[in-house]
Amino acid sequence: MTTASAVDPRRPAGGGRLDRRTLRADAILAAVTLALLGLPMVLMAALPIDTPWLLAAVVAVAMVGAILVRRARPVLALAALTALGAVHVLLAAPLFPVWFAVLVVLYSAGRFSRWPGRLAAFALALAASLLASWWVTTTGGFASPGAAASEVVRLTAILWIPPMLLFSMAILVGWGVAAAARTEAATVVAQVSQRRADQEEERAALARDMHDVVAHSLAVVIAQANGARYAADPAVKDASLETIAGTAKHALGDVRLLLEQLRHSEAPDPIASLDGVDVLVERMRAAGLDVRLERAGGPVALPRTADIAAYRILQEALTNALRHGDRAQPVHVRLLGGAGAVIDVHNRMLAMPGRAGHGVRGMHERARLAGGELWSGIDDGWFRVRAAFPAGMQHPLAAPAQGGRA
Amino acid sequence: MIRVLIVDDQALFRSGIRMLVESQPDLVCVGEAADGAQAVRLADEQQPDVILMDVRMPVLDGISATDRIVRARPGARVVVLTTFDLDEAAARAIRAGASGFILKDAEPELVLAAIRTVHAGNEVVAASATRELFKAFGRQRQAAPAAFAGLTERERQIFSLAAKGLSNTEIARTEFVSEATVKTHISRILAKLGLRDRVQLVVFAYEHGLAGEAA
C-alpha cells in the first residue's frame, strides 16, 4: 500500500514532525511554565535564603527547554529533567516547580517515544518518586532528625506511592493518546486508499463509457459516410446522411451526459450519504428523469461506510436509469429506514437492454464490501435494483476498537 | 463474385459496410450477423468466402466465432474489425484462424482491398501492423521448431520475403521467378510448417525470431 508512506501507522502520529501549530502550542506551554513556575522560583531564590539565584535561573531555563523539545526528543527531555530532579534533591534547593515539568515530560515520553523511551520514563518515574519521598521524609519533617534508618525507609516507602501513581498516570495517559492517534492514522490511511480505489473504479467506468459512446458512434458515422460515397442510389446516400446526423446527435447527447457525470465526480461530494438523497433526486430530476421518491420506516441511521455505499448504489441506479432506461416513464425509488436500510429502485427499460451491465457488477461489489446485499434483475420490462443493509452491522474492514465509530 | 458476410453488433455499422461492399461489381453481401452465434450459423448456410468480423459482441465473441468457422470450413477467410490498432483481441483472433485485421475506421479502399487480398491469398493484409500487434501481444520468442529445418534453401529465402509481407508478385520480381513458382513454394512452405495461411506465416516468423529484424 503505497499510500501508507504518507502516514506511517506504526509511528506515533504527530511525533517527530514539528509543524507551526504544535510548536506554537509548546511555546505557550513553556511561557506559562516560565511565568507561573520558573520566575517565582528564581524570585524565591533571589530572596535572601540560602539558594544561589543563578542556579534557579539555569534550572528554570533548562525546564523550559525540556518542554520545548519534548515532542522531537522525548528521551533528551527526560534525561534533562532527571538531571534537574537530581539537582533539586541533592542540593536541597527550593526548586519544586521542576516536578510539574517532570509530569509534562513523562506524558511526552509516553506520547511521542517508542518502547525504549517509555521504559526510560518508567525508570525516571521510579527514581524521581523514590528521591521525592526520601527528600520529603528527611527534610520535610516526617521523620524526626534522629530517627532510625528503618523508620526513614518505612516512611519513604509509604510516601513513595502517591508520586509514583501520579508519574505513571502521566506516562500511561500519553501512551493511550499515542495509541488512539495511531488507530486514527490507520483509519485515515484506509479511508484514503478506499477513496482512491473508488476514484480509479469510476475513472475506468468513465473510460469504458467514453469508448462505448464515442468509438461506436464514430465507427457508425465513418462506415455510413464511406458507404454513401460508394453507393450509386441517391436515395441510399440521403438515408445515410440522415443516419449520420442522427448517430452524431445521439452521441453528442451521450457525451454531454458523461461530461455531466465527470463534473459530478470531480466536484467534492460532501453528501455521499443517504442524508443527501433529496439533493441527488433533485439533480436527477434536473437531468430529465422523473423520480418518484417514497420513504418509510423513519430516518436512516447506517454506519458511515454502509451509508456511502448505499448512496453510491442509489446514484448508480438512477444514472443507469437515465442512460439506459425509458426516460418517458417515472423511476420509482423506495427508501426504507429505521434500524437497517433498504433501497429499492425500479425503472422502465427501453426495448433493447443494450450494453448495460458493468455498472451493476460495481453495485454488487460495493454492497458486499459494505456488509450489505444487492439484488438486480429484469422483471416484466422493469429493471429493478434492491439493496439491503442490515441493522447493527459492522464494516468488515473496521478495527474492533473502531466499531462504535465506524 | 466474392461472397461477403458482415458481422457486427451495430446494425448501422453493418449497413454502412454493406453499402460499400454492394457498390462493387465483384463483391456481394450474402448476409449480416449481429453476434458470433448468428455468424457461425450464417457462415454454414451461406458459405461466404470472406467474413468481416467484429470482436466484441454479445452471445458469442468474434474470436470464438472465427475459431468455429475456420474449423468447420478451412477455406473461409476471416478479416477482424477492430477499434484500436493494438488490440489484444485481434491477436487472439488471428491465432484462432483469422487471416488479418483492419481498423473499423480504415479507408474504404483498404477495406475493399483487404477483402480481395485475403480471398486471393497471395498477400498479407497490413503485414507491418500485424508484426506490431504481435510485438505488443505475442508470446515469448521460441527457437524455430524442427519443421523449419526441413525447408530447402530456396524455400527459406521465399519464407523470409513472405514474412516481411511481400506479395507473390513482389517476391517473383525480387527472385526472378514466375508468380506460379512463388505460389507453389508458398503452399509447400505452409504445408511443411503446418500453417493455414500467410498471416500465420508472418506470426510464425515473428514469434520464432525469423522475421529479419530490420523489418
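The values are calculated or read from the model by the stated rules, or taken from the named source; none is laboratory data. Everything numeric in this text was worked out from a predicted model, so none of it was measured. For neighbour counting, all protein chains shown are included, and Cβ atoms are generated from backbone atoms with ideal geometry for every residue, glycine included.
Details
- Remark: pairs (first residue in the stretch B:5-22, closer than 14 Å to A:Ala225 by Cβ; second residue assigned to a loop (DSSP other than H, G, I, E, B); Cβ separation under 7 Å; 6+ apart in sequence or on different chains) = B:Met19/A:Ala231.
- Where helices (runs of 4 or more DSSP H) fall entirely within the stretch B:1-96, those with at least 2 residues that are modelled with pLDDT of 90 or more and closer than 27 Å to B:Ala136 by Cα are at B:62-72.
- The combined condition, being surrounded by 19 or more Cβ atoms within 10 Å (Cβ to Cβ), closer than 23 Å to B:Thr169 by Cβ and among the β-branched types (Val, Ile, Thr), is not fulfilled by B:Val40.
- Number of the condition not met by B:Gly31 [criteria: (1) within 9 Å of chain A (Cβ to nearest Cβ); (2) touching a strand residue (DSSP E or B) at 6+ places or on another chain (Cβ under 8 Å); (3) free of Cβ contacts under 8 Å to residues at least 60 places away in the same chain]: (1)
- Inspection of the stretch B:104-126 finds no residue satisfying the criterion of being small (Gly, Ala, Ser), at pLDDT below 85, part of a helix (DSSP H, G or I) and surrounded by fewer than 17 Cβ atoms within 10 Å (Cβ to Cβ).
- Scanning the stretch B:70-92 for residues that are of a type outside the set (Lys, Arg) and over 21 Å from B:Lys104 (Cα atoms) yields a count of 4.
- Looking across the stretch B:80-117, the residues that are more than 22 Å from B:Asp49 (Cβ to Cβ), hydrophobic (A, V, I, L, M, F, W, C) and more than 13 Å from every other protein chain (Cβ to nearest Cβ) come down to B:Leu86, B:Ala89, B:Ala91.
- Every test in (1) assigned to a loop (DSSP other than H, G, I, E, B); (2) more than 25 Å from A:Leu218 (Cα to Cα) is passed by B:Ala136 save one, and that test is (1).
- Single unsatisfied condition, A:Ala272 versus (1) of a type outside the set (S, T, N, Q); (2) assigned to a loop (DSSP other than H, G, I, E, B); (3) at pLDDT 80 or above: (3)
- Odd one out for A:Thr156 among (1) surrounded by 15 or more Cβ atoms within 10 Å (Cβ to Cβ); (2) under 30 Å from A:Ala239 (Cα atoms): (2)
- Elements of type strands (runs of 3 or more DSSP E) in the stretch A:298-386, at least 2 residues being in contact with a helix residue (DSSP H, G or I) (Cβ under 6 Å, 6 or more places away or on another chain): A:341-348, A:373-379
- For the stretch A:107-116, the condition holds for no residue, the condition being that it is basic (Lys, Arg) and within 22 Å of A:Ala86 (Cα to Cα).
- Selection of the stretch A:219-248 for residues being assigned to a helix (DSSP H, G or I), more than 7 Å from chain B (Cβ to nearest Cβ) and not small (Gly, Ala, Ser) yields A:Val221, A:Pro234, A:Lys237, A:Asp238, A:Leu241, A:Glu242, A:Ile244.
- Selection status of A:Ala251, within 14 Å of chain B (Cβ to nearest Cβ), touching a Lys or Arg at 6+ places or on another chain (Cβ under 7 Å), part of a helix (DSSP H, G or I) and at pLDDT 80 or above: no
- A:Leu126 being in contact (Cβ under 8 Å) with a residue 24 or more places away in the chain and within 24 Å of A:Tyr107 (Cβ to Cβ): yes
- Boolean, B:Glu22 is within 13 Å of chain A (Cβ to nearest Cβ), of a type in the set (Asp, Glu) and more than 20 Å from the chain's Cα centre (by Cα): yes
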